[in-house]
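> Pasting a structure here, questions to come.
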Amino acid sequence: MLVINKETIKELYSMEECIQDIEKAFCYGHRNKTLTPVRLSVPHSAYEAETLYMPSYIEPENYTAVKVVSIFPHNSGGIKPVLQGVILLTDAQTGEHVALMDASYLTVLRTGASSGAATKYLARENAKVCSVLGCGAQAAGQIQAVMSIREIEHIILYNRTIARAEVFKDEIHSLYPDWRGTISIQPDANAAAAQSDILICSTKSSTPLFDGSVLREGTHINAIGSYQAHMQEVDAQTLIRSNKVVVDTLEGAMHEAGDLLVPHKKGEWNTDLIYGEIGEIACGEKAGRENSSEITFYKSVGVGFLDTMAASKVYRKALSEGKGESFSL
């Protein structure tokens with residue numbers, strides 16, 4: 001078995017590679033070549049915490065995986081991180097457990113790649129301005145994905161605390177030291193949304209971040225922050241104005257996408273208006289963006305087979321390049 005840490009994953013696996021693999025995984029999912037049982041949550045009520053167990057299988061790749069993520073909010077500000085995760089990868093032809101790897105960075109990477117695939121098909125080719133609402137852990141992966149797909153010239157950052165936006169600005173500069181674009185910090189979410197060609201929503205908000213009426217024609221939105229049925233980053237007006245509302249999976253969206261479910265329950269918008277899954281577009285069965293004036297909206301709550309896909313690719317690269325630490329149980 002190989003143990004593969006975050007630093008090795010960063011060395012081995014680029015965002016560009018991950019986007020290609022995730023796009024392929026979405027096609028597998030659309031063609032029923034994947035299996036993703038409902039995730040199991042084990043609560044630790046004494047600590048207001050939980051551990052999530054997320055299995056998945058991709059038949060054409062011949063791998064299955066289980067991602068285990070513990071979320072301990074009381075670790076905030078302490079020595080140990082709030083979120084800790086690992087992925088166990090298994091060869092589905094032999095049953096051999098072949099790799100154990102860091103899940104935290106890989107989750108950021110594959111979540112970014114999911115938005116990257118959506119941006120490829122749904123954002124305007126000439127999109128230059130990317131606004132980010134929420135500069136937390138997922139934001140770096142989102143920026144990396146968008147920068148891989150479009151030639152961004154200006155990034156606008158909005159965060160509840162300006163200090164975090166300042167830190168994230170420095171992170172972007174360190175990721176792209178030779179990039180000649182500009183980064184500005186905007187204290188008003190409506191102003192950030194109004195200026196964007198591509199808008200990233202990556203918060204855990206339970207109330208909409210901006211007024212959908214400020215969006216200009218041709219905007220593409222990647223909404224990845226809210227992942228529970230009560231959470232909501234965008235308002236009904238955003239959905240009403242969107243010509244195409246696309247989801248990672250319909251099953252996940254109908255259970256966890258508060259951005260869609262809250263307006264539906266209030267009678268402000270109907271989930272029957274969902275255009276389709278990103279896998280249908282990636283497979284060429286439905287059109288992506290069809291003109292420059294469309295407002296397009298991509299909602300992702302995450303799906304386990306993306307972890308299996310990314311983990312299997314990292315493992316194969318580690319084997320071929322002699323990376324990772326080998327051990328026997």
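The values are calculated or read from the model by the stated rules, or taken from the named source; none is laboratory data. Computed from a predicted model, the values in this text were never measured in an experiment. FYI the Cβ positions are ideal-geometry reconstructions off the backbone, even for glycines, and counts take in every protein chain you see.
> With the requirement that a residue be within 19 Å of Arg39 (Cβ to Cβ) and small (Gly, Ala, Ser), what does segment 285-311 give you?
Scanning segment 285-311 gives Ser300, Gly302, Gly304, Ala310, Ala311.
> Which is surrounded by fewer than 21 Cβ atoms within 10 Å (Cβ to Cβ), outside the structural domain of Asp178 (by TED's automatic domain parsing), among the aliphatic types (A, V, I, L, M) and within 25 Å of Thr207 (Cβ to Cβ), of Leu83, Leu88, Leu100?
Going through Leu83, Leu88, Leu100 in turn, just one is surrounded by fewer than 21 Cβ atoms within 10 Å (Cβ to Cβ), outside the structural domain of Asp178 (by TED's automatic domain parsing), among the aliphatic types (A, V, I, L, M) and within 25 Å of Thr207 (Cβ to Cβ): Leu83.
> Further question: Please determine, by comparing only the residues of segment 69-80 that are surrounded by 16 or more Cβ atoms within 10 Å (Cβ to Cβ) and not aliphatic (A, V, I, L, M), which one is nearest to Gly141 (Cα to Cα).
Going through the qualifying residues, I end up with Ser70.
> Quick check: is even one residue across segment 186-200 touching a residue at least 24 places away in the same chain (Cβ under 8 Å), surrounded by fewer than 21 Cβ atoms within 10 Å (Cβ to Cβ) and more than 24 Å from Asp235 (Cβ to Cβ)?
For segment 186-200, residues touching a residue at least 24 places away in the same chain (Cβ under 8 Å), surrounded by fewer than 21 Cβ atoms within 10 Å (Cβ to Cβ) and more than 24 Å from Asp235 (Cβ to Cβ): absent.
> Is it fair to say Arg124 is out of contact with any strand residue (DSSP E or B) (no Cβ under 9 Å at 6 or more places or on another chain) and surrounded by 15 or more Cβ atoms within 10 Å (Cβ to Cβ)?
Criteria not met by Arg124.
> Name the single residue that is surrounded by the fewest Cβ atoms within 10 Å (Cβ to Cβ) among those in segment 308-328 being among the hydroxyl-bearing types (Ser, Thr, Tyr) and in contact with a Leu (Cβ under 8 Å, 6 or more places away or on another chain).
Of everything passing the filter in segment 308-328, Ser326 is surrounded by the fewest Cβ atoms within 10 Å (Cβ to Cβ).
> Considering segment 186-219 alone, what residues qualify as being under 15 Å from Gly112 (Cα atoms) and either not in a loop (DSSP other than H, G, I, E, B) or not assigned by TED's automatic domain parsing to the domain that holds Tyr158 (or both)?
Across segment 186-219, the qualifying residues are Ile198, Leu199, Ile200, Cys201.
> Within segment 94-110, track down each residue that is at pLDDT 95 or above and farther than 17 Å from Gly324 by Cβ.
Passing the criteria: Thr94, Gly95, Arg110.
> Output the number of the condition that Phe305 fails; it satisfies all remaining conditions of (1) on the phi < 0 side of the Ramachandran plot; (2) in contact (Cβ under 8 Å) with a residue 60 or more places away in the chain; (3) in a loop (DSSP other than H, G, I, E, B); (4) surrounded by 18 or more Cβ atoms within 10 Å (Cβ to Cβ).
(3)
> Checking Asn32 against (1) surrounded by fewer than 20 Cβ atoms within 10 Å (Cβ to Cβ); (2) closer than 21 Å to Gln93 by Cα; (3) under 18 Å from the mean Cα position of the chain (by Cα), which test does it fail?
Checking Asn32 against (1) surrounded by fewer than 20 Cβ atoms within 10 Å (Cβ to Cβ); (2) closer than 21 Å to Gln93 by Cα; (3) under 18 Å from the mean Cα position of the chain (by Cα), the one that fails is (3).
> Those residues that are closer than 10 Å to Val245 by Cβ and surrounded by 16 or more Cβ atoms within 10 Å (Cβ to Cβ), I need them from segment 260-294; list them, please.
Leu260, Trp269, Thr271, Ile274, Tyr275, Gly276
> Whether any residue in segment 148-157 is closer than 29 Å to Val66 by Cβ and touching a helix residue (DSSP H, G or I) at 6+ places or on another chain (Cβ under 6 Å) is what I want to check.
Yes, there is a match, as at least one residue in segment 148-157 is closer than 29 Å to Val66 by Cβ and touching a helix residue (DSSP H, G or I) at 6+ places or on another chain (Cβ under 6 Å).
> Residues of segment 268-297 being in contact (Cβ under 8 Å) with a residue 60 or more places away in the chain and either part of a loop (DSSP other than H, G, I, E, B) or in the same structural domain as Gly29 (by TED's automatic domain parsing) (or both), which ones?
Cys283, Glu285, Gly288, Arg289, Ser292, Ser293, Glu294, Ile295
> Given (1) modelled with pLDDT of 95 or more; (2) surrounded by 15 or more Cβ atoms within 10 Å (Cβ to Cβ), where does Ser205 come up short, assuming only one miss?
Condition (1) is where Ser205 drops out.
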